[in-house]
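Colleague: Please find one structure pasted underneath; my questions will follow.
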Amino acid sequence: MEFIGRESELNALNDMYRQDRFHLFVLYGRRRVGKTTFLNEFCRDKDSIFYSAEQSNDKLNLEKFSTQIFNFYGETSLEPFTSWTNALTYIASRQDGKKIVIVIDEFPYLVRKNRALLSEFQHLVDHVLRDSRIFMVLCGSYMGFMEKEVLGSKSPLFGRRTGQLHMKSFDYATSIRFMRSFSPEDKLKLYGAFGGTPLYLEQISPDTDFENNIKGSFLKVTSYLYEEPLLLLRQEVNEPGIYSAVIEAIASGASKSNEIAARIGEEPAKTLKYVKILCELGILYKETPFGEKDSSRKTLYGISDLMFRFWYRYVFANRTLIETGAADAVWEKRIAPDYSTYMGSVFERVCNQWLSIKNSRGELPIMFTSSGRWWGQNSNSPSHEQVEIDIVARDGNNYIFGECKWRNEKLGVSVLEKLCEKSDIFSKNRGITWYFLFSKSGFSDCLIEAANNDDSIVLISIDDILGLG
């Protein structure tokens, strides 16, 4: 299978490997995000010992690791090592200065069964491995554990790592590389359903259309994704039912912590603990209006994993219908009429990603240092109506304001005028301002003429967005 994405990360890791020294590299990220595939690609042309830890005890893991070591060196009939120190010291001795990659995948499984292992690895790095040319990779899916127990300041391994990577889901520009046979609109619609997780993107069939990909991957009880969110939660948390209820509440419209707590019938403080863990897992995100503190009372929560968002909106609530053979009806009555509305916020996310990519390339009128979404009350209005700006990006006192529209009609001048009004509500005290309008269906002649006569107005079509892919 073709290796898609992560090219820059792979190049960086290979640059580290070419250095004649010991390395301790820490790789972490949520499940299904492609860590093991990435490491297999890195090890493909190198001497390596790749061990995936299991949820058994320390003795059995060490025995299996010993077997892989002996297989690598062509040894037979040797007794398993009695400690990790002995095993890794043996490798360092046998290598005698030659390079080798040692990958320990699912490292948290080992530490859970042997809490002294972190201190043991610290001693190994300091006294055995530091003068070798071993490239050791510790990899894990439990992000909270990896950040606190391996990378944290209180970890015995603190200060020993020579590099790290928090691997995240693909953005839309990489995700659409899995969808080369589809139309521009269908590429974004597929991204809205499958998200940017490589294993989920691999479920997309290039031989059929958008509708049948949805039916085949989500509305068929035997498909890989039909049970995936619940199965993943069972792997990650102790009370999957409650965590599932939190995600369902958000998918159905609850975005504030008190609203989520009321939906699931739990105390707000307890609910926030569940929400925090789901944010750590990369399933939810926390959002405050642009420019406000992280502790703002306007804080909202949303589903960051698009596959989860799609699944809880369209599959979870209709499982009884799907399991009684009504998949076609679920598509026709529940998904197809609503999907354009669903795509509104997906398109906002895509436009934000497009802007970030262009910013990283220095291809925008400003090099912004912060961006986000803004919402607040219009104090100039008697009714104090709620106002929202899809994109706000700032560099000093200069701004980009953006509006994103997933509509079947062309955007007109009225959308620009409204965005200008909302930007004045946000702040009148600002420097140079640009207005970016993103549209699925193009722009009216009047708006195109306005943009031609004013460099501060920038129009971005769906073809412009997909051109980055």
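Colleague: Hey, ASP96 hits all of (1) at pLDDT below 95; (2) open to solvent by 70 Å² or more (accessible area, probe 1.4 Å); (3) closer than 23 Å to LYS35 by Cα but one; which does it fall short on?
Modeller: Failing condition for ASP96: (3).
Colleague: Could I ask something else about it? From the residues in the range 147-168 that are closer than 21 Å to LEU62 by Cβ and open to solvent by less than 10 Å² (accessible area, probe 1.4 Å), which one is farthest from the chain's Cα centre (by Cα)?
Modeller: LEU157
Colleague: Hey, among LYS46, LYS64, which residue is at pLDDT 95 or above, out of contact with any Leu (no Cβ under 8 Å at 6 or more places or on another chain), among the charged types (D, E, K, R) and open to solvent by less than 40 Å² (accessible area, probe 1.4 Å)? Quick ask: steps written out before the conclusion?
Modeller: Numbers: LYS64 fails: open to solvent by less than 40 Å² (accessible area, probe 1.4 Å).
Only one candidate qualifies: LYS46.
Colleague: Taking the range 298-331 as the search range and keeping residues that are free of Cβ contacts under 8 Å to residues at least 60 places away in the same chain and assigned to a loop (DSSP other than H, G, I, E, B), which one is nearest to PRO268 (Cα to Cα)?
Modeller: Looking at the filtered set, the residue picked out is THR299.
Colleague: Right, another one. Give the range 249-276 a look and list any residue that's crowded, with 17+ Cβ neighbours inside 10 Å and in contact (Cβ under 8 Å) with a residue 24 or more places away in the chain, or say none.
Modeller: Selection gives ILE250, ALA251, SER257, ILE260, GLU266, THR271, TYR274, VAL275.
Colleague: Wholly within the range 106-212, which helices (runs of 4 or more DSSP H) include no fewer than the required count, namely at least 1 residues that are closer than 30 Å to MET307 by Cα, of a type outside the set (D, E, K, R) and touching a residue at least 12 places away in the same chain (Cβ under 8 Å)?
Modeller: On the way: elements: 107-113, 117-124, 172-175, 184-194, 198-201.
Those helices (runs of 4 or more DSSP H) span 107-113, 172-175, 184-194, 198-201.
Colleague: Do we find that ASN429 is of a type outside the set (A, V, I, L, M), open to solvent by 40 Å² or more (accessible area, probe 1.4 Å) and at pLDDT below 95 in this structure? Spell out the reasoning first.
Modeller: Working: of a type outside the set (A, V, I, L, M): yes; open to solvent by 40 Å² or more (accessible area, probe 1.4 Å): yes; at pLDDT below 95: yes.
Spelling it out, ASN429 is indeed of a type outside the set (A, V, I, L, M), open to solvent by 40 Å² or more (accessible area, probe 1.4 Å) and at pLDDT below 95.
Colleague: Let me ask you something else. Could you list all residues from the range 30-61 that are under 26 Å from ASN114 (Cα atoms) and in contact (Cβ under 8 Å) with a residue 60 or more places away in the chain?
Modeller: Selection gives ARG30, ARG31, ARG32, LYS35, THR36, LEU39.
Colleague: Taking the range 359-388, which residues are in contact (Cβ under 8 Å) with a residue 24 or more places away in the chain and outside any strand (DSSP E or B)?
Modeller: Taking the range 359-388 and keeping what is in contact (Cβ under 8 Å) with a residue 24 or more places away in the chain, we get 359, 364-376, 378-380, 387-388.
Correct list: ASN359, LEU364, PRO365, ILE366, MET367, PHE368, THR369, ASN378, SER379, ASN380.
Colleague: Regarding VAL392, is this residue open to solvent by less than 70 Å² (accessible area, probe 1.4 Å), β-branched (Val, Ile, Thr), modelled with pLDDT of 95 or more and over 24 Å from THR341 (Cβ atoms)?
Modeller: Details: open to solvent by less than 70 Å² (accessible area, probe 1.4 Å): yes; β-branched (Val, Ile, Thr): yes; modelled with pLDDT of 95 or more: yes; over 24 Å from THR341 (Cβ atoms): no.
Judged against the criteria, VAL392 is not a match.
Colleague: If you take the residues in the range 1-43 that are closer than 25 Å to GLU228 by Cβ and of a type in the set (Val, Ile, Thr), which one is least open to solvent (accessible area, probe 1.4 Å)?
Modeller: VAL33
Colleague: Still on this structure, please answer the following. Residues of the range 93-126 being under 25 Å from LYS46 (Cβ atoms) and among the polar types (S, T, N, Q), which ones?
Modeller: If the condition is that a residue be under 25 Å from LYS46 (Cβ atoms) and among the polar types (S, T, N, Q), then SER93, GLN95 are the ones that fit.
Colleague: Looking at the range 62-92, which of its residues are small (Gly, Ala, Ser) and without any contact (Cβ under 8 Å) to a residue 12 or more places away in the chain? Even if it seems obvious, please write down each step before you answer.
Modeller: Our first condition is that a residue be small (Gly, Ala, Ser); within the range 62-92, this holds for 66, 74, 77, 83, 87, 92.
If the condition is that a residue be small (Gly, Ala, Ser) and without any contact (Cβ under 8 Å) to a residue 12 or more places away in the chain, then GLY74, SER77 are the ones that fit.
Colleague: Moving on. Quick one: in the range 209-248, which of the residues that are β-branched (Val, Ile, Thr) and either closer than 30 Å to ARG112 by Cα or under 20 Å from the mean Cα position of the chain (by Cα) (or both) is most open to solvent (accessible area, probe 1.4 Å)? Can you show your working first?
Modeller: So in the range 209-248, the residues β-branched (Val, Ile, Thr) come out as 214, 221-222, 237, 242, 246-247.
Retained after the next criterion (residues that are either closer than 30 Å to ARG112 by Cα or under 20 Å from the mean Cα position of the chain (by Cα) (or both)): 237, 242, 246-247.
On the way: VAL237: 17, ILE242: 42, VAL246: 0, ILE247: 0 Å².
Only one residue fits best here, namely ILE242.
Colleague: Moving to a separate point now. Taking the criterion of being of a type in the set (Lys, Arg), without any contact (Cβ under 8 Å) to a residue 60 or more places away in the chain and in a loop (DSSP other than H, G, I, E, B), would at least one residue in the range 7-23 satisfy it? Show your work before the answer.
Modeller: Within the range 7-23, the subset of a type in the set (Lys, Arg) is 18, 21.
Within this subset, residues satisfying the condition of being without any contact (Cβ under 8 Å) to a residue 60 or more places away in the chain are 18.
After this cut, where a residue has to be in a loop (DSSP other than H, G, I, E, B) as well, the list is 18.
The answer is yes; a qualifying residue exists.
Here is a yes/no grid of residues against (1) open to solvent by 30 Å² or more (accessible area, probe 1.4 Å); (2) modelled with pLDDT of 95 or more; (3) among the hydroxyl-bearing types (Ser, Thr, Tyr):
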| residue | (1), (2), (3) |
| --- | --- |
| TYR51 | no, yes, yes |
| LEU60 | yes, yes, no |
| GLN68 | yes, yes, no |
| PHE72 | yes, yes, no |
| LEU78 | yes, no, no |
| PHE81 | yes, yes, no |
| ALA87 | no, yes, no |
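Colleague: Determine, yes or no, whether ASN397 is out of contact with any helix residue (DSSP H, G or I) (no Cβ under 9 Å at 6 or more places or on another chain) and either over 14 Å from PHE426 (Cβ atoms) or among the aliphatic types (A, V, I, L, M) (or both).
Modeller: On the way: out of contact with any helix residue (DSSP H, G or I) (no Cβ under 9 Å at 6 or more places or on another chain): yes; either over 14 Å from PHE426 (Cβ atoms) or among the aliphatic types (A, V, I, L, M) (or both): no.
The answer is no for ASN397.
Colleague: Mind checking which residues of the range 422-457 are in contact (Cβ under 8 Å) with a residue 40 or more places away in the chain, in a strand (DSSP E or B) and more than 28 Å from the chain's Cα centre (by Cα)?
Modeller: Answer for the range 422-457, where residues must be in contact (Cβ under 8 Å) with a residue 40 or more places away in the chain, in a strand (DSSP E or B) and more than 28 Å from the chain's Cα centre (by Cα): TRP434, ILE457.
Colleague: Scanning for something touching a Phe, Trp or Tyr at 6+ places or on another chain (Cβ under 6 Å), of a type in the set (Gly, Ala, Ser) and not in a strand (DSSP E or B), does the range 88-105 turn up at least one residue?
Modeller: no
The values are calculated or read from the model by the stated rules, or taken from the named source; none is laboratory data. Here the structure is a predicted model, which means the values were calculated and not measured. Ideal geometry is used to build each Cβ from the backbone, glycine not excepted, and the neighbour counts take in all protein chains shown. The accessibility values were calculated without ligands, DNA or RNA, using every heavy atom of the protein model including side chains. Shrake-Rupley method; radii C 1.70, N 1.55, O 1.52, S 1.80 Å.
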